[in-house]
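Structure, as structure tokens:
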Amino acid sequence: MRFGAFLNGVLGRRKVDSVAVERIRGWCRAVGEMPPDTTFAINEIACTDPGCPGIETVILVMEPGRKTRAHKVAKPLDAVTEPDVRAAFKP
């Protein structure tokens, strides 16, 4: 067993779905019409706050010269759809 797999099992973390991350990143770039040097950090987190859905996907948008913005989708990363991203990016 690889050590990383061991830690994921012990810590209860799911393996990151890199295909889903890239798919979401593409939708973010298209929906937000961002410049090419914009960076996205896309993570699935477990929220323990009573008002949270439990597991949610957080999209951080880091655009040069602008403050970092966070967009949230109340679904696990692999369940996020393009309409979810569009809704998260609405002002």
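The values are calculated or read from the model by the stated rules, or taken from the named source; none is laboratory data. It should be emphasised that the depicted structure is a prediction, and the values quoted were computed from it without experimental measurement. When we count neighbours, we look across all protein chains shown, and the Cβ atoms used for this are built from the backbone with ideal geometry, even at glycine.
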Checklist entry - What are the pairs, 6+ residues apart or on separate chains, where a residue within the range 62-76 that is farther than 17 Å from T48 by Cβ has its Cβ under 9 Å from a residue that is surrounded by 12 or more Cβ atoms within 10 Å (Cβ to Cβ) and among the aromatic types (F, W, Y)? => result M62/F40; H71/F89
Checklist entry - Regarding A88, is this residue assigned to a helix (DSSP H, G or I), touching a strand residue (DSSP E or B) at 6+ places or on another chain (Cβ under 7 Å) and either loosely packed, with under 12 Cβ neighbours inside 10 Å or among the aliphatic types (A, V, I, L, M) (or both)? => result yes
Next on the checklist: So in the range 43-85, with the set limited to residues that are among the basic types (K, R) and in a strand (DSSP E or B), which one is surrounded by the fewest Cβ atoms within 10 Å (Cβ to Cβ)?
Outcome noted: R69
Next on the checklist: For the range 70-91, give me the residue count where each residue is modelled with pLDDT under 95 and charged (D, E, K, R).
Outcome noted: 4
Checklist outcome for this item: Residue hits (the range 57-66; modelled with pLDDT of 95 or more and more than 19 Å from V19 (Cα to Cα)) are M62
Checklist outcome for this item: The number of residues in the range 19-42 that are free of Cβ contacts under 8 Å to residues at least 60 places away in the same chain, crowded, with 16+ Cβ neighbours inside 10 Å and of a type in the set (G, A, S) is 1
